[in-house]
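Accompanying notes for the structure given below.
The values are calculated or read from the model by the stated rules, or taken from the named source; none is laboratory data. In this text, all values refer to a predicted model and were calculated from it rather than measured experimentally. All Cβ positions, glycine included, derive from the backbone under ideal geometry; neighbour counts span all protein chains shown. Calculation scope for accessible area: heavy atoms of the full protein, side chains included, ligands and nucleic acids excluded. Shrake-Rupley method; radii C 1.70, N 1.55, O 1.52, S 1.80 Å.
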Amino acid sequence: MWCFLHNVRRNGSEPATQLLKWLLTAGAIFAAALPITQAHAEKDKAAYKEGKEQEARQDYEAAYEDYLRAYQAEPASLQYRAAITRTRFLAAAAKVHRGVLLRQTGSLEESLTLLEAAAQIDPSSAIATQELESTRSMIQHNISQAKHKESTNDASLSPEILDAQGPAKLRSVANPPITLRLSEETNVVYDTVGKLAGLNVLFDPDYVPHRITIDLNGVTLEEALGLVAAESKTFWRPMTPNTIFVATDNPAKRKELEQNVIKTFYLSNLTAPTELQDVVNALRSVLDVSRVQQLVTQEAIVIRGTPDQILLAEKMVNDFDQAAPEVVVDLAIMQVSRDNLRTLGINPPTSATVQLQSNTSSTSSSSSSSSSSSSTSSTNSINLNTLANLNATDFTASISSANASALMSDSHTKILQSPQLRSLNGQKASLKIGERVPIATGSTQSGISGVSVTGLASTQFQYLDVGVNLDVTPYIHPDRDITLKIVLEVSSVTSYVSIGGISEPVIGQRKVEHEIRLKDGEVNLLGGMLDHEDTMSLSGIPGLAQIPILKYLFSQKSTEVKDEETVFALVPHIVRRKELNEFNRRTLDVGTANSIRLRHAPTETAEVDSQASSDKATLAVKSLGEASAVLELNPTTISVAKGGTFVLDVVLTGARNVHSVPLQVSYDKAGLEVINVSNGDFLSQGEQIVALVRRDDPAGGITQIRASRPPGSDGASGHGVVTTLTFQAKTAGRFPVRITNGAIIQPDQTMIVLADSEIPVTVQ
C-alpha cells in the first residue's frame, strides 16, 4: 500500500491524487465512526442485560424501559423487539395496578399520570383505558366540569322523518308544595289542579265522573295529579306541553289511548344470536313488551311500546350491552429433578462349581472283511473300577469373576415453562404445549371364509396430549376478585412397555384440579409436589461384608438419591372489567303490575326566600310609602298556659288586586313552636284554590310562607285572613312573634313591600 501511494505521488497524476484523497477521507471517517459504533453496541447490550435482570426480579416496568432503550438504539434487532413485546403487557398491568391503588387513596392526579403511561405503553389494554376514563371522570366531577354531548343528524334521511318528534311531554311548571282539600266530582278536582299547574284538562267522552274526597297537604302539583288519578281510578297522558287527557284506567283504554313510540337499539358488544335472544327474552318478560324484534345480521333490537317502556328498555340494554370482562393468566411451571448415584467397593466371586471329567481314551476297531464298523468312546462317566485311580486331573473348577467399582454421578434437570392465557369471563380457555402421543385402543383382523389371512390385521390409535395442558374458566367479580376454575396437567412419556406385541407409552402425570378466588395481580402457589427416593444396595460375602475395613475388599455398596419437585405459580390480571355505575344499581319505580309508568324526580323549586329575592330583583317594586295595605297579626296580645296551644291569624287589610303574599314569621324558639300553617279566606275569593308554600326552620325560629292564587286568575281585594298559624307554648315567659319581609304581588308582577309587625305572647 505504501509503495502504491509513493508511486502515485511520484507520477503526480490527477486521477490518482483524487483517489488518494478519497481513500484518506474514507479511512478517517471509518476510524472516527468505529468507536461510536462500538459504544452504541456496548450501550445496547448493557441496556438489554439490565432489562433481563429487572425482568428476573419481576420489575416489569423497569425491564420494559431498558428493553425499549436497547430497541431504540438498534431497531433491527429481533431479540430486542421480542423482549419489548413480551414485557409490554406486564409493564402496563403493573402501572394500572399502582394507579388504581393511588386513586383509592385519593391521589387522582398521580393516578392519572400512571394510567396515561400504561395506556401509552400498551394501547390495546382495555383495562388501562377503562381505569383512565374512570379517573378522568372522577377528576371532572370533583372540579365540577360540565359534560357536553354533541348530536348529529343523518343527512341521508328525508326532512319529513328528521322533523318527526318524540312523545309529547309536559312543559316544566312551577311545582311548589300545595295544600288541597276538596270533596267534588273528579272532573272538578282535575280542573282545579290543572288551573293551579297552568294545564288544560281534557276528558275522554266515555268517562263518567264521580265524587271523591281529596285531602292533600304539602304535595307538588305533579304529585297531586298522580294522587288524584290513583283515587279516581283514572290515568292521564300528555297531549301537548300544557294539555293532559284523562280516561278511565282499564287495559282496553290504555291500549287505545296510550302513546306508542319505536326505537332501534344498536348493540356493540352482544353479537351472538344467543346473547341477543337473552336480551329480547328479558325485555319481553320484565317490561311486558310484545313488539320486540331482534336483527342478528344488524346486531340490533327494534322495540315498540309506550315511552316509559322504551326508557326502561334503554336502561336494560345499556346494562347488558357491555364488553365482557377479560383475564390474562400468567402461569409459571417449574420442575427440578436431581439424581445422585455412587457405587464403591469390590464385588468378590459369588459362586464356584466343580465338575468331574474322564481321561479315558477312546478306542475303535474295524474289519476289512465287513462293511460295518464299531467304535467305543467313553464320556465323563466313570465306573467303580476307576474310583481308586482318581486324582486332581480328573476335576475342573469354575469360579465367577470379581470386579472393583468406584463410580459417582450427579445429574440435575430444570424445566421452566411460562405460558400465558387470555380468556373472557365465564368462557373456558385451553392451552396445550407438548406432543400428541399415539396409544393403541383396539385392533381388528379380517378373514376369508372363517380362515384368517395374515397381514390384514389393523390397529386403532388415539392421540393423547402430553406436555403442559391447561384449562382455565375465569369468573370476574365486581370487587376485582377473580374466581378461576383450573385443570392443570403436566405429563411426559417416561418409558415404553410391550402389550400384545405393541409398544405402549407409560405416561408420567402431575395434575391439579380445583377452584380458587384471587385478587387482581395476586401470586398464588397452585401446587407443589415433591418426590424423594433414596435407594441403597449392598452385595458381597456374608460376614465379611459387614466388617468395617474388610467390607471395602469383599463387598460393593451402591447408593442413589432422587429428588423431583414440581411447582405451579399462577398470577391473574384483569385486562377488561365490567363498568357499573350508580344508575346501573338504582331501584326504579315502574308503576303497577297492570301498567308500567316511570315516576320522575320533581323539578327543583326555588325556596321561598330566594324566590322572594328573585321577585324583588326582577319585578317593579313600589316603595313602602306608596303602600296602603297592612299585614298584621290577630289577636294583638296572647296569654296562654305552659304546654297549651294558640292560633294567630295573618290579616291583610287595604289590599287591592293581590295575586300572592310572601312573608316571614319569626318567633322565639326557646318558648314557642309552630305546629301547623293553613290557608285563610282572603286569597280564595271567587272560589279559587290557593297554593300554600311553607318552609320551617325550627332551629332558627323562622317560618317562611307564600300563599298564591292560580295562574291567570284575577287578584283579590279588600281585607281578610291570608294564613293561620298554630303555636304551642313550650316554657313560661314572654316571647315576641314578628312578621317580616311581607309583601303583596299583583297579577302584573308588581310587588308592594309591607311594613313589619309584632305582638307579644305571654306563657304562664
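Listing for the model above:
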| read-out | value |
| --- | --- |
| Positive minus negative residues near Pro419 (Lys, Arg vs Asp, Glu; Cβ under 10 Å) | 0 |
| Heavy-atom surface of the stretch 481-587, accessible at 1.4 Å and reported per residue (Å²) | 61 |
| The stretch 472-544 - percent of accessible surface contributed by carbon and sulfur, probe 1.4 Å | 54 |
| Length released on extending from Asn340 to Ser124, taking residue separation times 0.36 nm less the Cα-Cα span | 72.8 nm |
| Extended-chain gain in nm, criterion 0.36 nm per residue less alpha-carbon gap, Thr353 and Gln460 | 33.2 nm |
| Per residue accessible area of the stretch 63-137, 1.4 Å probe, in Å² | 48 |
| Protection-proxy order for peptides 129-139, 431-441, each taking the mean of Cβ atoms within 10 Å per residue, highest first | 129-139, 431-441 |
| Estimated inter-spin distance, Val487 and Lys511, nm [label 7 Å along Cα→Cβ] | 0.9 |
| D_trans [Stokes-Einstein, Kirkwood Rh over alpha-carbon pairs] for the stretch 213-345, 37 °C, 0.692 mPa s, µm² s⁻¹ | 166 |
| Virtual spin-label span in nm between Thr494 and Asn657, 7 Å along Cα→Cβ | 10.9 |
| Lys49 versus Ala332: modelled label distance in nm, points set 7 Å from Cα along the beta carbon direction | 2.3 |
| Accessible area per residue, Å², the stretch 222-297 with all protein chains present, probe 1.4 Å | 56 |
| Phi to ³J(HN,Hα) by Karplus 6.51 cos²θ - 1.76 cosθ + 1.60 over the stretch 585-596, Hz, x for Gly, Pro | 9, 6, 8, 10, 8, 10, x, 10, 5, 7, 8, 9 |
